[in-house]
Amino acid sequence: MAIAGGCLCGAVRYEIAADAPLGVRQCWCRVCQYLGAGSGTVNAIFLKDAVTVSGPLTDYVSIADSGSVMRRRFCTECGTPVFSETDPRPHQIIVRVGTLDDPNIARPGAIIWTKSAPSWACFDPDLPQAGGQAATPKA
Ligand SMILES: [Zn+2]
Ligand SMILES: [Zn+2]
């Protein structure tokens, strides 16, 4: 089974040769609040080798709150955040769950960077929370 998705305008499409993500986390770091228009983001981790991408992506390189170099990839046409990659884990790719054709397959398993969230943010009480960066699933 392949997982598929793409950006809002359809210029970027991707397929992932996997049955499920390695892990899914909701992130409330300050950068994700920009990307999420006020909310946090939901991010699914996959092996980079499993992902095939077509379409125009622009990289934005920055230093994350964790200190890692992050490469965030946006659709050049519509600006949808689609992927991010981090230099310490070059074999993994992070997919913005909102771009999946079926976001139901990527239920968050943890919430991270809660200390950066605004006071009105809502957290699922059933999920483990980390005030900052949490360990990344090994793969
Ligand atoms: Zn687009
Ligand atoms: Zn974040």
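None of the figures in this text is laboratory data; all of them are computed from the coordinates on show. Bear in mind the structure is a predicted one, so any value in this text is a computation, not a measurement. Cβ atoms come from the backbone with ideal geometry, glycine included; neighbour counts cover every protein chain shown.
Here are a few things to note about the model shown:
- Evaluation of D49 against the conditions (1) more than 16 Å from ligand 1 (Cβ to nearest atom); (2) closer than 23 Å to P108 by Cβ shows that the sole unmet condition is (2).
- For the range 74-95, the criterion of being under 23 Å from W113 (Cα atoms), within 15 Å of the chain's Cα centre (by Cα), among the basic types (K, R) and surrounded by 17 or more Cβ atoms within 10 Å (Cβ to Cβ) is met by no residue.
- Qualifying residue in the range 90-107 (condition: over 21 Å from P56 (Cα atoms) and of a type in the set (A, V, I, L, M, F, W, C)): yes
- The criterion of at least 2 residues that are more than 16 Å from ligand 2 (Cβ to nearest atom) is met, among strands (runs of 3 or more DSSP E) falling completely within the range 1-43, by 3-6, 13-16.
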